[in-house]
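Accompanying notes for the structure given below.
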């Protein structure tokens, strides 16, 4: 049967390890590229939002109003999201956190492309980082849909990137026994990891359509 998910376990033979040495695991080029691409997508979104945020602040100082290019109507309004209190959840603009976090993801992906192998603690720490990212995105999605009442397209790109990297990193850790799971789960992830991010993003899309419907294009 042909694989329908990213094959992310390095097929090169691993060096022998003694019992005292931790097992290290690398990843395939496909998985490494997935991390580079999703990290780059998130970094692009964070960069554009940061630049637009600065322009909004500069406009206010000059007594002018700057409208981001992705503000298409009252619903698809990046400016409304950027000026909300939720856009600085930790006391500074959220995209500044993204500039660091997505940069780290790119570095991990590039390291894997050079055949670097990481121990279990590294993979679990990386997985925890993506879990925090997807949890934070989920909170932002709720705030955007039901509190701010506006949608930011660049934020949406960051959401999709974060969701994708989270599910693939989690799948990687489960299939390498860094996270314990029943054999049927491991078998499912070996073939159908792609189902998880597609379903996750699909649910968000349905919530957006249910919330606003045709107003998105009005």
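The values are calculated or read from the model by the stated rules, or taken from the named source; none is laboratory data. Not measured: the values here are computed from a predicted model. Reconstructed Cβ throughout: ideal geometry from the backbone, glycine too, with neighbour counts over all protein chains shown.
Structure data summary
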{"item": "Any hit, segment 78-90, residues being farther than 27 Å from residue 211 by Cβ and not in a loop (DSSP other than H, G, I, E, B)", "result": "no"}
{"item": "Selected residue (criterion: farthest from the chain's Cα centre (by Cα)) from residues of segment 91-146 that are farther than 16 Å from residue 25 by Cβ and in a loop (DSSP other than H, G, I, E, B)", "result": "91"}
{"item": "Of all residues in segment 1-36 being modelled with pLDDT of 95 or more and in contact with a helix residue (DSSP H, G or I) (Cβ under 8 Å, 6 or more places away or on another chain), the one that is surrounded by the most Cβ atoms within 10 Å (Cβ to Cβ)", "result": "35"}
{"item": "Matching option when the condition is touching a residue at least 60 places away in the same chain (Cβ under 8 Å) and touching a helix residue (DSSP H, G or I) at 6+ places or on another chain (Cβ under 8 Å), among 179, 113, 131", "result": "113"}
{"item": "Hits in segment 173-194 - residues which are within 14 Å of residue 123 (Cβ to Cβ) and in a helix (DSSP H, G or I)", "result": "173, 174, 175"}
{"item": "Residue in segment 207-215 that is at pLDDT 95 or above and under 21 Å from the mean Cα position of the chain (by Cα) present", "result": "yes"}
{"item": "Within segment 195-218, tally of residues that are part of a helix (DSSP H, G or I) and farther than 21 Å from residue 35 by Cα", "result": "15"}
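The rows are residues; the columns are (1) in contact (Cβ under 8 Å) with a residue 40 or more places away in the chain; (2) under 25 Å from residue 145 (Cβ atoms); (3) crowded, with 17+ Cβ neighbours inside 10 Å.
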site: 43; (1), (2), (3): yes, yes, yes
site: 53; (1), (2), (3): yes, yes, yes
site: 58; (1), (2), (3): no, no, no
site: 63; (1), (2), (3): no, no, no
site: 71; (1), (2), (3): no, yes, yes
site: 82; (1), (2), (3): yes, yes, yes
site: 92; (1), (2), (3): no, yes, no
site: 101; (1), (2), (3): yes, yes, yes
site: 119; (1), (2), (3): yes, no, no
